[in-house]
Amino acid sequence: MHTASLSLDTTKLLEQIQTLGAIGADPAAGGRTRIALSDDEKAGRDQVAQWMRDLQLDVRVNRIGNLFGILHAATAAGDERPLMIGSHIDTVRNAGALDGCYGVLAGLAVVRAYRAAGVLPARAIMIGAFTNEEGVRFQPDMMGSLVYAGGLSVEEALDATGTDGARLGDELARIGYAGDMEPGSIVPHEYLELHIEQGPVLEAEGQLIGVVENLQGISWQRLTIHGTANHAGTTPTRLRHDAGYAAAAIIAFLREGVVAAAPETTLATTGTLRFEPDVVNVIPRKATFTVDLRDPDEGRLQAAEKRLADFLSEIAEREGVQVETERLVRFKPVTFDAGLADEIQASAKRFGFAHRRMTSGAGHDAQMIARIAPAAMIFVPSREGISHNPREHTDDDQLIQGAQVLLDVVQRRLAKAV
Ligand code: HGY
Ligand code: MN
Ligand code: MN
């Protein structure tokens, strides 16, 4: 049945964003930290699961720990292929309160609107919080949704070793989220994800809604440089095999040799770096660091990877060091469902919200679920384009308006289900 326009409990949505944002709070360094499968993330999961139960949802956990709350349909037929709304509640270190959480809690707000109206949807609505979207401790990122979409076997994911040496499956069991449901056993009819932009575009253009039509390619590698430890004061430069210098030269080349080839689109980031023996007066024998390359175009991303690979051979030769590379993540660019994107744009238009079509710079669970169902994303602005930072912020009215578009699109899609 088509529902008269439902309404959101916006106070509850904003309250829940604050409450979840307080879990794992880190007053000293700022923000909150809920690294996947940590005790803090467990606390976040427990809170979201409780909110799902408060809404009398059918709460399910699958074998990779993805957490779902299902509002069943008015009919058995409507239950077969739910409309899925998802995102994640794990965070990077010292994160903002909105990345991922906003999308999960806005999904609960949509279900709450149905509950408040006493209406069962024509198609089940399934709210998901996917495991390990950030990929900080266990790689790859978007892991829970990748397993859900069949892009990584559960067994392989459960055997993933974290940067702290922990086994993912053991951690999942330890926090009590090693579910029994097979990932992907419920195939969504379509998937929507509401997320903050995490970039500067919407704010810079005075837009409120981002109609996300595609998402850029992602390439993560871990590089290990093996050199020779030696005395900082007695070793002439020409005799050095300095893993630290080689790492620095590579990191500089990422900007000067890789990004410079396509400065408008290719992005390169080294977010982690470790020297051994990490002592002020010893030439590093070992440097371990990560390289995150991104570009919306697959050809340019491959060209960026090739430039880096060629430089690694050159620096190894020049400095007499060995360079080891380990592939952590490689996802091609993804195009979202045009029909769903049109639906989002039509909704923004109906509300009179300024909007634009755009590419997602960040990875999202939507890019994985797009492998098994039509998927699209809705963005709202990030103040100063900041994210993965305690200063991450979106105004309350923007958060509410984004959720209104989500509810409107859901209602329109479900009206077609009958
Ligand atoms: O890396 C990303 O883009 C996402 O935040 N996991
Ligand atoms: Mn996110
Ligand atoms: Mn993130």
Go through region 163-199 and give me each residue that's in a loop (DSSP other than H, G, I, E, B) and of a type in the set (F, W, Y).
-> Y177
Please tell me if G128 is more than 15 Å from ligand 1 (Cβ to nearest atom) and touching a strand residue (DSSP E or B) at 6+ places or on another chain (Cβ under 7 Å).
-> yes
Only residues that are more than 16 Å from ligand 3 (Cβ to nearest atom) and farther than 30 Å from A77 by Cα: list them for region 170-199, please.
-> D170, E171, L172, A173, R174, I175, G176
Tell me, yes or no, whether region 54-72 has at least one residue that is crowded, with 24+ Cβ neighbours inside 10 Å, among the polar types (S, T, N, Q), closer than 24 Å to I196 by Cβ and within 16 Å of ligand 2 (Cβ to nearest atom).
-> yes
Is at least one residue of region 18-38 outside any loop (DSSP other than H, G, I, E, B) and in contact with a Cys (Cβ under 8 Å, 6 or more places away or on another chain)?
-> yes
Single residue of R371, R357 found to be more than 30 Å from T288 (Cβ to Cβ), in the same structural domain as E190 (by TED's automatic domain parsing) and touching a strand residue (DSSP E or B) at 6+ places or on another chain (Cβ under 6 Å) = R357
Identify the residue in region 257-296 that is among the acidic types (D, E) and in contact with a helix residue (DSSP H, G or I) (Cβ under 9 Å, 6 or more places away or on another chain) and, among all such residues, is nearest to E213 (Cα to Cα).
-> D295
Filtered residue count, region 361-380, keeping only those that are farther than 19 Å from G217 by Cβ and touching a Ser or Thr at 6+ places or on another chain (Cβ under 6 Å) = 1
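When region 271-298 is examined, which residues are found to be of a type in the set (A, V, I, L, M) and either within 22 Å of the chain's Cα centre (by Cα) or within 30 Å of V334 (Cα to Cα) (or both)?
Hits for region 271-298 are L273, V291, L293.
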Residue set G385, G402; condition within 16 Å of ligand 2 (Cβ to nearest atom), out of contact with any strand residue (DSSP E or B) (no Cβ under 8 Å at 6 or more places or on another chain) and assigned by TED's automatic domain parsing to the domain that holds S7; output residue G385
Only residues that are more than 16 Å from ligand 3 (Cβ to nearest atom), of a type in the set (A, V, I, L, M) and in contact with a helix residue (DSSP H, G or I) (Cβ under 9 Å, 6 or more places away or on another chain): list them for region 331-377, please.
-> V334, L340, I344, A346, A348, A354, M358, I369, I372, A375, A376
Using the structure shown, decide if M368 is assigned to a helix (DSSP H, G or I), within 16 Å of ligand 2 (Cβ to nearest atom) and not small (G, A, S).
-> yes
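Is there a residue in region 99-113 that is in the same structural domain as P183 (by TED's automatic domain parsing), touching a helix residue (DSSP H, G or I) at 6+ places or on another chain (Cβ under 9 Å) and acidic (D, E)?
Within region 99-113, none of the residues are in the same structural domain as P183 (by TED's automatic domain parsing), touching a helix residue (DSSP H, G or I) at 6+ places or on another chain (Cβ under 9 Å) and acidic (D, E).
Yes or no, residue by residue, for (1) in a loop (DSSP other than H, G, I, E, B); (2) aliphatic (A, V, I, L, M):
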{"residue": "R327", "(1), (2)": "no, no"}
{"residue": "E343", "(1), (2)": "no, no"}
{"residue": "A348", "(1), (2)": "no, yes"}
{"residue": "R357", "(1), (2)": "no, no"}
{"residue": "I372", "(1), (2)": "yes, yes"}
{"residue": "I378", "(1), (2)": "no, yes"}
{"residue": "E384", "(1), (2)": "no, no"}
{"residue": "E392", "(1), (2)": "yes, no"}
{"residue": "Q398", "(1), (2)": "no, no"}
Has region 337-357 got any residue that is buried (at least 22 other Cβ atoms within 10 Å of the Cβ) and within 16 Å of ligand 1 (Cβ to nearest atom)?
-> no
Subset of region 114-163 [surrounded by fewer than 24 Cβ atoms within 10 Å (Cβ to Cβ), of a type in the set (V, I, T) and within 16 Å of ligand 3 (Cβ to nearest atom)] | V136
Pick from D365, D342, D408, D396: which is outside the structural domain of A252 (by TED's automatic domain parsing) and free of Cβ contacts under 8 Å to residues at least 40 places away in the same chain?
-> D342
Would you say G184 is at pLDDT below 95 and either crowded, with 24+ Cβ neighbours inside 10 Å or outside the structural domain of T325 (by TED's automatic domain parsing) (or both)?
-> yes
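Need at least 2 residues that are over 25 Å from F336 (Cα atoms) per element, so show me which strands (runs of 3 or more DSSP E) inside region 233-308 make the cut, counting only ones lying wholly within it.
Numbers: elements: 267-269, 273-276, 286-295.
The qualifying strands (runs of 3 or more DSSP E) are 273-276, 286-295.
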Matching residues, region 187-210, being within 16 Å of ligand 2 (Cβ to nearest atom) and either out of contact with any Lys or Arg (no Cβ under 9 Å at 6 or more places or on another chain) or modelled with pLDDT under 95 (or both) = Y191, E193, L194, H195, I196, E197, Q198, G199
Would you confirm whether any residue within region 48-70 is within 16 Å of ligand 3 (Cβ to nearest atom), in contact with a Ser or Thr (Cβ under 9 Å, 6 or more places away or on another chain) and within 19 Å of P183 (Cα to Cα)?
-> no
Residue check for S219: more than 23 Å from A97 (Cα to Cα), of a type in the set (G, A, S) and part of a strand (DSSP E or B) = yes
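The values are calculated or read from the model by the stated rules, or taken from the named source; none is laboratory data. Just so you know, these numbers come straight off a predicted model, no measurement behind them. For neighbour counting, all protein chains shown are included, and Cβ atoms are generated from backbone atoms with ideal geometry for every residue, glycine included.
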